[in-house]
Amino acid sequence: MTDDNALIRPPQEVLDEANVQDWEGLLATAGADPVAFWEQEAAELEWSKPWEKVLDDSQAPFYHWFTGARTNIVTNAVDRHLTTARRNKLALIWVGEDTSKVRTFSYFSLNREVEQMANILRSMGVEKGDVVTIYLPRIPEIYFAMLACAKIGAIHSVVFAGYSSEALNARIDDSESKLVITVDGSWINGSVFPMKQIVDDAVKFSPSVENVIVVRNTGTEVTMDPTRDHWYHELARLPIAQGHCETVQVDAEDPLFILYTSGSTGKPKAAVHTHGGYQVHLSSTMKNCLDIHEADRWWCTADPGWITGTSYVIYAPLIRGATAFMAEGSPVYPYPDVWWQLVERYGINGMFTAPTAIRTLMRFGDAWVTKHDTSSLRILVSAGEPLNPEAWRWFHDVVGQRRCAVIDNWWQTETGAMQVTSLPAMPKKPGSAGKPIPGQAVAVLDEEGHEVPPGTDGFLVLKNPWPSMLRTLFKEPERYVETYWSKYPGYYLTGDSARVDEDGYVWIIGRTDDVIKVSGHRIGTAEVEAAVNSHPAVAECAAIGLPHEVKGNAIHVVAVLANGYEGSRELVGDIRSHVSEHLSPIAKPEAVEFVDKLPKTRSGKIMRRVLRARALGQDEGDLSTLEND
Ligand code: WTA
């Protein structure tokens, strides 16, 4: 059991240095007039034309922010630093999986790289509003590619580098990308993952793709189609790649990126985010909630293929003019102290990771951490899944040596940036994500839409629109309204269940829909089921999430076999590998169980709730809609 009242006061050194000392005052003023608060935050950034209105809610739930303004996130993330002393400051330090490989970029040289990539994209006919798919591992070119798209007003669609060719193909086709940026291969624990080959398989059936740009990374041999594929280093030598590339000023509401995420059907949906509001929300949360300082070295370990990476690896540190740090490798390769070695060597001040990584490292024991000097750390951040109190304490006591603020924060691909957090100076409750950020308010509702009393579980909703909110679902405006705004009109439905305690702290319980968070990765049951069903031995199946000590949740599959197939251990292994290959290794089921029949409603919908309850040995609940035998 967690003790909701165990308040932990932040260490004095954190309090002394915090950007926001009077956190209660900030929450009160921003809460009293959120629009005025966001306007004040926006004034810290550059706009080539000021806004007419901060928030236009006349077409709600299609909210618009900073209407009439012109800007570009690259103006704020890169260009504006070039006329200051930051020009020669490190913008990015990158370390390979082989940690002897290091690349560094000042703001000046980052700009040169972005200009080069942007010139190349332009020369290939990429125009404002076109979608470019980026399928890259964590290497500096992912910064260049994302920023280059933004610079010319193109829309990036980053696909996580662990997705299979089928999953990549579905995302390329849906977005009608003209161009894909990838690598020959990526390093994963000393072996090469053949990313170019996956792209080849994915684009074979993608009529929209005209060009594929390939960054040389592992030096692996790949097949190049001369009519479609281009080595990036060869393009970079051409005259078209040289020279200045102007940052296009776009409308604040023009799309910056789409990011596919899982929903309740097999077809992933893409959240649409825009230049203006998104940059304001990132800048504000990075300063107030994550306490970034001018001289900080900031390491967010997420992958830009997920929203945490897009927001807090790529854009947020650059908007605040800090030094971003990126590592290509995993936390345990070649040894479970590689992260702490990097913290020590590079003097990292703020570190943002996921609960699964914390739990994984915790299991290796304290000595791997304590043999390193991690005293540069001041801010420790976690998001993506609930940070259980035990992992919270380890992060705080062992990694942070009780000198750091542990900042949990709750949000989603759709929200673009954090919504609930524990501000650095705020007393912490391990296990709680904190309170709504300045300018936001939440409620917990019952099925009928009534607010429940403190301490009671219910559906978590956001009460206020916010600048980094998704504007719609790409090409699916009706689905946007239906998914987020129809259950409780006027409130944004998060899809999570939660409770708020007497002190206003939010405790996230988990998803209420068909989404499973596995090691912090967001996976839809429907996509897993589609992959399992494509195995010849399977007639039908259901995927459910069950608690897992390290991963938070693990995928369990309950399957009915096709005629003529017998369940066996080999078949289980085969189905698991099939999902890994056809969807992604991150979606590989933990277990596969064979049954004769799946519980279904009379209308034929699989009752995953019943399967979960059975697996957990719980009461199966109301079975009145269960199909009659
Ligand atoms: C879960 C990740 C508990 C939640 C940023 C949400 C969390 C989903 C937390 C979105 C947290 C995110 N504590 N649960 N601090 N942060 N979640 O879109 O279920 O990958 O709805 O965005 O992750 O996942 P997504």
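The values are calculated or read from the model by the stated rules, or taken from the named source; none is laboratory data. It should be emphasised that the depicted structure is a prediction, and the values quoted were computed from it without experimental measurement. No Cβ is skipped: glycine too gets one built from the backbone with ideal geometry, and neighbour counts run over all protein chains shown. We work out accessible area using only protein heavy atoms, side chains counted, and drop any ligands, DNA or RNA first. Shrake-Rupley method; radii C 1.70, N 1.55, O 1.52, S 1.80 Å.
What the table below lists for this structure:
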read-out: Prolate/oblate/rounded label for segment 64-144 (Cα gyration tensor, a/c 1.5); value: oblate
read-out: Vicinal HN-Hα couplings computed from phi for segment 141-154 (Karplus, 6.51 cos²θ - 1.76 cosθ + 1.60; Hz; Gly/Pro x); value: 4, 5, 4, 4, 5, 5, 5, 5, 4, 4, 4, 9, x, 7
read-out: Difference of contour (0.36 nm per residue) and Cα-Cα distance, His233 to Asp457; value: 75.2 nm
read-out: Structure-based [θ]222 nm, the chain - -39500 (n - 2.57) summed over DSSP H runs of at least 4, per residue, nearest 500; value: -7500 deg cm²/dmol
read-out: Neighbour cut-off at most 12 other Cβ (10 Å), DSSP loop, trypsin sites (Lys or Arg not before Pro), segment 63-151; value: Lys101, Lys128
read-out: The chain - percent of accessible surface contributed by carbon and sulfur, probe 1.4 Å; value: 50 percent
read-out: Label-point separation in nm, Glu478 to Arg609, each point 7 Å along Cα→Cβ; value: 2.6 nm
read-out: Cα centroid of segment 561-607 to Cα centroid of segment 485-541, whole Å; value: 19 Å
read-out: Over segment 370-417: Kirkwood hydrodynamic radius from C-alpha pairwise inverse distances, Å; value: 11.7 Å
read-out: Kirkwood-Stokes translational diffusion coefficient of the chain, alpha-carbon pairs, 10 °C, 1.306 mPa s, µm²/s; value: 63 µm²/s
read-out: 1.4 Å probe accessible area per residue over the chain, in Å²; value: 38 Å²
read-out: Cα centroid of segment 1-55 to Cα centroid of segment 228-304, whole Å; value: 23 Å
read-out: Alpha carbon centroid spacing (whole Å) that separates segment 390-436 from segment 544-559; value: 24 Å
read-out: In nm, spacing of pseudo-spin labels at Asn533 and Asp397 (7 Å Cα→C-beta vector); value: 4.8 nm
read-out: Segment 352-455: GluC sites (Glu not before Pro) falling in loop per DSSP and having at most 11 other Cβ within 10 Å; value: Glu447, Glu448
read-out: Tensor-based shape of segment 471-554 (alpha-carbon gyration tensor, a/c under 1.5 rounded, otherwise prolate or oblate); value: oblate
read-out: Residue-span extension gain [Thr104 to Asp503] - 0.36 nm each, minus C-alpha spacing; value: 139.2 nm
read-out: Asp574/Ala367 FRET efficiency (R0 30 Å; Cβ-Cβ; nearest 0.05); value: 0.15
read-out: Charge context of Ile139, other residues only, Cβ under 11 angstrom, K/R +1, D/E -1; value: +1
read-out: For segment 522-527, 3J(HN,Hα) per residue [Karplus equation, 6.51 cos²θ - 1.76 cosθ + 1.60, θ = phi - 60°, Hz, x = Gly/Pro]; value: 8, 10, x, 4, 5, 5
read-out: Additional length obtainable on full extension of the chain from Glu17 to Val560, 0.36 nm per residue less Cα span; value: 189.6 nm
read-out: Amide H contacts of Tyr492 (H built 1.01 Å from N, under 5 Å, at least 5 apart or other chain); value: Leu462
read-out: Amide H partners (placed H, <5 Å) of Leu92, local residues excluded; value: Phe105, Ala324
read-out: Cα gyration tensor category, rounded, prolate or oblate, for segment 204-262 with a/c compared to 1.5; value: oblate
read-out: Nearest-10 value in Å² for the accessible area of Lys597, using the 1.4 Å probe; value: 110 Å²
read-out: At 1.002 mPa s and 20 °C, Stokes diffusion of segment 514-616 via Kirkwood alpha-carbon radius, µm² per second; value: 157 µm²/s
